[in-house]
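> Pasting a structure here, questions to come.
The values are calculated or read from the model by the stated rules, or taken from the named source; none is laboratory data. What you see is a predicted model, and the numbers here were worked out from it, not measured in a lab. Note that we place each Cβ from the backbone using ideal geometry, even for glycine, and neighbour counts take in every protein chain shown. To get the accessible areas, we keep the full protein, side chains included, count just its heavy atoms, and leave off ligands, DNA and RNA. Shrake-Rupley method; radii C 1.70, N 1.55, O 1.52, S 1.80 Å.
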Amino acid sequence: MKRLETEILVIGGGAAGLSAAAEAAAAGAKVMILESDLHLGGQLVKQTHKFFGSKDEYAGTRGFKIADILLKEMESCKENIEIHTNTTVTGYYSEDDTFTAMRDEDEFFTIKADRAIVATGAQERLIPFVNNDLPGVYGAGAVQTIMNVYGVVPGKRVLMVGAGNIGLIVSYQLMQAGVEVAAIVEAAPKVGGYWVHAAKVRRMGVPILLRHSIKRALGDEIITGAMITELNERFEPVGEEKKIDCDVICIAVGLTPTTEILSQAGCEMMYVPELCGNVARRDSSMQTSNPKFFTAGDASGIEEASAAMVEGRVAGLSALKSLGYPTEHGRLEEYWGRLQALRSGEAGKRICQGLTCVLTEDWEAVHNG
Amino acid sequence: MDDKEMLFNSGILTEEREGAILPPEELWKNKKGGLVVVECPQRIPCNPCATSCPTGAIRPFSDINDTPSVDHSKCTGCTLCVASCPGLACFVIDLTFSDDLALYKLPYEMLPLPVKGEKVLCLDREGKCIAEGTVENITQPRKDRTYVIHVSAPKNLVREFRAIRVVK
Ligand SMILES: Cc1cc2nc3c(=O)[nH]c(=O)nc-3n(C[C@H](O)[C@H](O)[C@H](O)COP(=O)(O)OP(=O)(O)OC[C@H]3O[C@@H](n4cnc5c(N)ncnc54)[C@H](O)[C@@H]3O)c2cc1C
Ligand code: SF4
Ligand code: SF4
């Protein structure tokens, strides 16, 4: 069986992984990126809208263009970066400190790495309702992939479930693709995403029904509609059900971090609702309780590409440092400054609360008692 | 929670708020080129409006989460912020266009693109059609496919008209 080796293994080639790789490779470390998808970029390549955040993190630039910027940065140190796309890390075996990976569906190999940065992003949540297994019920990520990566529209008229940023942005992108959005239903009494994103779809005539949820999908073989219902303060259905005509139901009710590899590596994990799931405890250098493992991006807590990129840089820098490479003095502090600035708003408050639970001062201090 | 609050919570501006304050009437009515109208009432980590503004009319943020605060006396109506704002929350309205019409400069990222002279539907914040307008010009200030469509339409819609629909 083929066996590969590297100094720093980056698992996941999204915003966080690419930033980590660029940071580490520029300083001379040998980096290997493994990415499940056919191409690098992660969530970024599906985002046709302009990003928020600060200029340092390319605010005002469309998501897929940000992926291009990161790939270009990697060009300048490409001799240090080995890239495998269409390759999924399937496990980590601590007994022999080996990663297993699968390219396509038949080529299986192992990897030895001195350090690993887990930047595996997130998975979509789904909600139960009658008939949610009918063709035509999609996760928002799937809708974005078929529409923005492959140029195929998912249907003619969509009911969007969830008014977080993803539900709002995907609704807007659907309209850009010429698909009608019948309505957006949201269980909370307030849109969860940015108000400006809501305003943008509202003025295109899309109703956002707060305190509403989907009860069931209608149809035998394909979706012909959906029944929705109003909810009270306790999220219990009230009043009469209403019918929405649609041929697609798009679920955008949130993401949860992808962390299996970290669990396999024995990293101390913690369930943190503010970070949307189970995440690894880490110190401010993004090092986990297993000193060989670092984490960054959505895998360390659902946040934004802007923060994912800075966290990736922190993880890349710390992995370098722990391998004995010289690093620029004050750089880590600069990155933390940027993270803090990004997190100082309303949305960041929740993230900061979550972080106070998972952040450890310093693993050495913890390990030495 | 009252209806007005519910409406605001679903993305409809119901009254002036911090980050969504109309230009002062006196300055606005005679200002050739128009003045910026910003509707961004929530603190979010975002600042391209301020960083793209060449005159400092949108005051530089001290914290990236600030809501935009505008010094309208410095605004030239250049529409750079209109094209840069990822929230499509900046508009320029020129009240000097004619006696009864104003020129509305609105961001547009949909298809099809209208052409000069074409009639388009004027939409309010809920997407309701409130009038018909005429496309006077189409620009692409940042050459990044966010267009700014200049539409002439009745002056009395300054508080309502925020988007267009192209009917082909
Ligand atoms: C609709 C939408 C709109 C958004 N808008 C914004 C915005 O305006 N501004 C902003 O800052 N952020 C935005 N985001 C968030 C942003 O896209 C994410 O926070 C960011 O992409 C996270 O980066 P990441 O690298 O952590 O994860 P991802 O981009 O998800 O990348 C993870 C990568 O890891 C790969 N992977 C997973 N498991 C494995 C494995 N076992 N082996 C190999 N590879 C693996 C995946 O294929 C994926 O490519 C948006 C997200 C969505 C969905
Ligand atoms: S229109 Fe021009 S001058 Fe006025 S606020 Fe916008 S960018 Fe600044
Ligand atoms: S760029 Fe737009 S969305 Fe961002 S803060 Fe300015 S007005 Fe608000």
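> Quick check: at a probe of 1.4 Å, how many percent of the accessible area of the stretch A:53-120 sits on carbon and sulfur atoms?
Carbon and sulfur atoms account for 47 percent of the accessible area of the stretch A:53-120.
> Pairs A:LYS50/A:LYS242; A:LYS72/B:LYS143; B:LYS105/B:LYS143; A:LYS55/B:LYS29; B:LYS4/B:LYS128; B:LYS32/B:LYS155: which are spaced more than 25 Å apart, C-alpha to C-alpha?
Long pairs (Cα-Cα over 25 Å): A:LYS50/A:LYS242; A:LYS55/B:LYS29.
> Taking all protein chains in place and a 1.4 Å probe, what share, in percent, of the accessible surface of the stretch B:20-153 do carbon and sulfur account for?
53 percent
> Taking amide H atoms as placed 1.01 Å from N in the peptide plane, list the residues 5 or more away in sequence, or in a different chain, whose amide H sits under 5 Å from that of A:ASP37.
Residues meeting the amide H criterion: A:ASN86, A:THR87.
> Something else: From the backbone phi of the stretch A:287-302, what are the Karplus-calculated ³J(HN,Hα) couplings (6.51 cos²θ - 1.76 cosθ + 1.60, θ = phi - 60°) in whole Hz, Gly and Pro given as x?
Each residue of the stretch A:287-302 in turn: 7, 8, 5, 8, x, 7, 10, 10, 9, 7, x, 4, 4, 9, x, 6 Hz.
> Using a probe radius of 1.4 Å on protein heavy atoms only, what is the accessible area buried between chains B and A, both sides summed, to the nearest 100 Å²?
Adding both sides of the contact gives about 3300 Å².
> Here's another thing I want to ask about it. Can you give the percent of C-alpha pairs in the protein assembly as shown whose distance is more than 40 Å?
Percent of Cα pairs beyond 40 Å in the protein assembly as shown: 28.
> If you take the square roots of the eigenvalues of the alpha-carbon gyration tensor of the stretch B:3-166 and sort them as a ≥ b ≥ c, do you get rounded (a/c under 1.5), prolate (a/b over b/c) or oblate?
rounded
> Okay, next question. For the stretch A:44-71, list whatever residues lose no less than 30 Å² of accessible surface once every protein chain is in place, relative to that chain by itself, with the probe at 1.4 Å.
Relative to the lone chain, where solvent access is computed with a 1.4 Å probe, the stretch A:44-71 loses at least 30 Å² at A:LYS50, A:PHE52, A:GLY53, A:LYS55, A:GLY60, A:ARG62.
> Next question. Could you look at the stretch A:126-251 and say what percent of its accessible area is carbon and sulfur, using a 1.4 Å probe and all protein chains?
53 percent
> Next question, about the same structure. Using a 1.4 Å probe, how large is the accessible area of B:GLU126, given in Å² and rounded to the nearest 10?
70 Å²
> Related question: Using θ = phi - 60° and the Karplus curve 6.51 cos²θ - 1.76 cosθ + 1.60, what whole-Hz ³J(HN,Hα) does each residue of the stretch B:85-101 get, with Gly and Pro shown as x?
6, x, x, 6, 10, 10, 9, 10, 10, 9, 7, 8, 4, 7, 4, 10, 10
> Now a separate question. Using the heavy atoms of the protein chains alone and a 1.4 angstrom probe, what is the accessible area of the protein assembly as shown per residue in square angstrom?
42 Å²
> Ratio of the stretch A:126-251's C-alpha Rg to 2.2 N^0.38 Å, to two decimals?
Ratio of Cα Rg to 2.2 N^0.38 Å: 0.98.
> Pull up all non-local amide H partners of A:GLY164: gap of 5 or more, or a different chain, and H-to-H distance under 5 Å with H placed in the peptide plane.
Long-range HN contacts for A:GLY164: A:GLY192, A:GLY193.
> List the residues whose amide H sits under 5 Å from the amide H of B:GLY127, counting only those 5 or more places along or on another chain, with H placed 1.01 Å from N in the peptide plane.
A:GLY205
> Let me ask another. Ordering A:ARG203, A:ARG350, B:ARG17, A:ARG103 by how much accessible area each has at a 1.4 Å probe, largest first, what is the list?
Greatest to least solvent exposure: A:ARG350, B:ARG17, A:ARG103, A:ARG203.
> Out of the trypsin sites (Lys or Arg not before Pro) in the stretch B:35-121, which ones are loop residues according to DSSP with at most 15 other C-beta atoms within 10 Å?
When the trypsin sites (Lys or Arg not before Pro) of the stretch B:35-121 are filtered for loop state and at most 15 Cβ neighbours within 10 Å, B:LYS116 remain.
> Show that you can apply the helix-only estimate: for the protein assembly as shown, add -39,500 (n - 2.57) for every DSSP H stretch of four or more residues, divide by all residues, and state [θ] at 222 nm to the nearest 500.
-6500 deg cm²/dmol
> Taking each residue of A:341-354 in turn, how many C-beta atoms of other protein chains fall within 10 Å of its C-beta, and what is the average?
Per residue, the average neighbour count from other chains is 3.
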